[in-house]
Each structure stands twice: as C-alpha cells, then as structure tokens.
Amino acid sequence: MGKLRNFKRIDLGQIIDSHDGKLSVAESDIDIPFNIKRVYYIYDFDSNKSIRGYHAHKTLEQVLFCISGSFTLKLFDGINYYEEKMNKPNIGLFIGKYIWHTMHNFSDNCIILVLASEHFDETDYIRDFNNFKKIINEKKIENQTK
Ligand code: TYD
C-alpha cells in the first residue's frame with residue numbers, strides 16, 4: 001500500500017498536570033495547517049449501526065480528533081486506502097481535499113471533534129462514490145502535504 005495523498009497525523013502533545021488531568025492545545029496555522037473557520041463535534045452514536053462520512057470535499061480541509069472513546073476512520077485518495085483506530089485525544093488526522101472518508105465502529109462514549117478550514121457549504125461535498133472516482137481519474141489532484 002502506498003502513501004495516502006493529502007493526509008497526515010498531527011500530535012498535539014499533552015500538558016500533564018500530575019493528578020489533575022491532561023491538556024492538549026490546537027492553534028490555527030500552528031498545530032493545525034490552516035485557519036480554523038468552523039468547529040463541530042459528533043456524538044451520541046447508535047454505536048453498532050452508525051456509519052458517517054461517505055463523502056469527500058473539493059476545497060475543505062479538516063482535522064479530526066477522537067476526544068472521547070474510539071472509532072475507526074477509513075480514508076481513500078482514489079488509489080490508496082488507509083485505516084486508523086482513533087482513540088487518543090491528542091492525535092488528529094488531517095484530511096485534505098478529495099479524500100473519501102468514512103467513520104464507523106464507534107464506542108458508546110465516542111465524541112469526534114472536527115476543526116474545519118471553511119464554513120459549511122453543501123456544494124463543496126462529493127457524496128457519490130462513483131462520481132468521486134470519476135473526478136479523481138479526470139483530475140490531477142495536488143498533494144498538499146509534500
Ligand atoms: P455530514 O458532513 O454529512 O456529516 P458526517 O460527515 O459526520 O456524516 O453532515 C450531516 C448533516 O449535517 C448534513 O445534512 C449537513 C449538516 N451539517 C451542517 O448543516 N453544518 C455543518 O457544519 C456540518 C458538518 C453538517
């Protein structure tokens with residue numbers, strides 16, 4: 001399996017206050033490789049059956065964190081696949097343009113935090129998998145994480 005395009009892992013690190021808990025910080029344009037315009041979070045899954053995602057974005061970039069519990073993230077750049085079990089609050093996955101992503105296998109207490117580079121825009125979504133593959137084949141997509 002080759003290396004996925006437009007994808008990287010971000011480790012925020014942890015500030016450990018002895019017995020008083022841990023703290024992780026994500027700053028725009030420092031830890032997160034874009035200016036954060038939107039924050040949203042996903043929770044209260046019907047754990048066994050839930051599947052989310054099933055889309056790619058034309059311009060949006062985002063970083064996903066699992067800040068509670070766990071889930072499995074699957075990515076596809078049109079050529080290579082990548083799968084990771086997300087279960088560490090300080091580890092984020094940067095997902096750039098034209099990456100098909102799905103999320104499943106949510107634990108009961110799972111909370112996903114998403115930091116996004118754009119305001120919500122439904123026209124930025126590619127929600128049809130065949131259309132995604134067609135676009136990838138027709139277009140040369142630049143690698144943003146070189
Ligand atoms: P979607 O991005 O498809 O969720 P997921 O990737 O987790 O499966 O969004 C689900 C619904 O919520 C969809 O109807 C669009 C709406 N939505 C907003 O209105 N604003 C937002 O910022 C987001 C992320 C979604």
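The values are calculated or read from the model by the stated rules, or taken from the named source; none is laboratory data. Nothing here was measured: the structure is a model prediction, and the numbers come from that model. Heads up, the Cβs are rebuilt from the backbone with ideal geometry, glycines too, and the neighbour counts pull from every protein chain shown. Side chains are part of the model used for accessible areas, which takes the heavy atoms of the whole protein and leaves out ligands, DNA and RNA. Shrake-Rupley method; radii C 1.70, N 1.55, O 1.52, S 1.80 Å.
Can you pull out every residue in the stretch 65-88 that is among the aliphatic types (A, V, I, L, M) and open to solvent by 10 Å² or more (accessible area, probe 1.4 Å)? Talk me through it step by step, then tell me what you get.
Going through the stretch 65-88, the residues among the aliphatic types (A, V, I, L, M) turn out to be 67, 73, 75, 79, 86.
Residues satisfying the conditions are ILE67, ILE79.
When you look at ASP46, is it of a type in the set (Asp, Glu), modelled with pLDDT under 95, out of contact with any Phe, Trp or Tyr (no Cβ under 7 Å at 6 or more places or on another chain) and over 16 Å from ASN6 (Cβ atoms), yes or no? It would help to see each step written out before you state the result.
Working: of a type in the set (Asp, Glu): yes; modelled with pLDDT under 95: yes; out of contact with any Phe, Trp or Tyr (no Cβ under 7 Å at 6 or more places or on another chain): yes; over 16 Å from ASN6 (Cβ atoms): yes.
The answer is yes for ASP46.
Scan (1) in a loop (DSSP other than H, G, I, E, B); (2) within 16 Å of the ligand (Cβ to nearest atom) for the single condition ASN109 breaks and write down its number.
The single condition ASN109 does not satisfy is (2).
Just a yes or no: is a residue in the stretch 21-29 on the phi > 0 side of the Ramachandran plot and at pLDDT below 95? Quick ask: steps written out before the conclusion?
Going through the stretch 21-29, the residues on the phi > 0 side of the Ramachandran plot turn out to be 21, 29.
Subset that is at pLDDT below 95: 21.
Yes, the conditions are met somewhere in the stretch 21-29.
What number goes with the only condition from (1) surrounded by fewer than 16 Cβ atoms within 10 Å (Cβ to Cβ); (2) at pLDDT 95 or above; (3) polar (S, T, N, Q) that SER117 does not pass?
Here SER117 clears every test but (1).
Can you work out which of the residues in the stretch 72-102 that are more than 16 Å from SER24 (Cα to Cα) and aliphatic (A, V, I, L, M) is farthest from the ligand (Cβ to nearest atom)?
So, considering only residues that are more than 16 Å from SER24 (Cα to Cα) and aliphatic (A, V, I, L, M), the one farthest from the ligand (Cβ to nearest atom) is ILE79.
Going through the stretch 22-53 one residue at a time, which ones are outside any loop (DSSP other than H, G, I, E, B) and more than 26 Å from ASP128 (Cα to Cα)? First the steps, then the outcome.
Restricting attention to the stretch 22-53, the residues satisfying the condition of being outside any loop (DSSP other than H, G, I, E, B) are 22-23, 28, 32, 38-42, 51-53.
Once the filter is applied, which keeps residues that are outside any loop (DSSP other than H, G, I, E, B) and more than 26 Å from ASP128 (Cα to Cα), the stretch 22-53 yields LYS22, LEU23, SER28, ILE32.
How many of the residues in the stretch 51-63 are among the β-branched types (Val, Ile, Thr) and either more than 9 Å from the ligand (Cβ to nearest atom) or more than 17 Å from the chain's Cα centre (by Cα) (or both)? Steps first, answer last, please.
Pass one, the stretch 51-63, residues among the β-branched types (Val, Ile, Thr): 51, 59, 63.
Still in the running and either more than 9 Å from the ligand (Cβ to nearest atom) or more than 17 Å from the chain's Cα centre (by Cα) (or both): 59, 63.
Count: 2.
In the stretch 30-50, what residues are loosely packed, with under 13 Cβ neighbours inside 10 Å and either away from the ligand (no atom under 13 Å from the Cβ) or at negative phi (or both)? So that I can check it myself, show each step before the final result.
The first filter runs over the stretch 30-50 and keeps only residues loosely packed, with under 13 Cβ neighbours inside 10 Å, leaving 30, 35, 39-41, 44, 46, 48-49.
Scanning the stretch 30-50 gives ILE30, ASN35, VAL39, TYR40, TYR41, ASP46, ASN48, LYS49.
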